[in-house]
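Input: a single structure, listed below in structure tokens.
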């Protein structure tokens, strides 16, 4: 074996294997969106979700994101059909910090 | 956040605006806080809780400006103006604050003691960075306490 062949076999192959494992272990984490950590910042737009109206089909029939959008949209749309006679004031609940 | 707090239905049309301003959120955007799988869990928890109890559970995730309790109560009033017997769960991950607001029928069915317990459960998950789990467990606990419609 020439020097070049020796270097390729004993350095190139281990380095290649090392790189392969590095990609498999570090790759998924690099792609994934950053996870929320307590104390970290929250730079997303505010979201406010409502449930599906009572008479909609089972949740599983609808796609995940579509369901939520449809739910809130329908809830807003249907709210005009059932007007609330008197405004209810907040009178209870709980607060928390973490 | 500046200005009004608004009730968002994601991907909404401008023409569906009622009393609240509905911000236009694109269907897919990197600044959506939840992955589809997480959204699906929240959606299921919200829907089941509301269907079981007949109350309208609502989840807000975002900054709660000013005095968080007062702001949350204003948001609740907004919700109550269009929905019957609502329950608002407002979570501000940036401020690490959490508000559960009940009123009227929902206040009768969910005692403050139970709301505090649900808040404690949610805190436990939030402390571990699990926002979705906290919201889902909190909703389940509130719904269990409220009982069937």
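Counting only DSSP beta bridges with both residues in the range B:56-118, what percent are antiparallel, rounded to the nearest 5?
Restricted to the range B:56-118, the bridges split so that about 50 percent are antiparallel.
Can you sort B:130, A:43, B:43 from fewest to most other Cβ atoms within 10 Å of each residue's own Cβ?
A:43, B:130, B:43
By count of other Cβ within 10 Å, fewest leading, how are B:82, B:127 ordered?
Taking fewest neighbouring Cβ atoms as first place, the list is B:127, B:82.
With the contact rule set at Cα under 8 Å and sequence spacing of 6 or more, what percent relative contact order holds for the range B:26-149?
The value is 27 percent.
When you take every Cα atom in the range B:63-142, what is the radius of gyration, and what is Dmax, the widest Cα pair distance, in Å?
When restricted to the Cα atoms of the range B:63-142, Rg and Dmax are 12.3, 35 Å.
Counting other beta carbons within 10 Å of each Cβ, put A:44, A:49 in order, fewest first.
Ascending number of Cβ neighbours within 10 Å: A:44, A:49.
We did not get these values from a lab; they are worked out from the coordinates using the rules stated. Quantities reported herein were computed from a predicted structural model and do not represent experimental measurements. Glycine also receives a Cβ, built like all others from the backbone with ideal geometry; neighbour counts cover every protein chain displayed.
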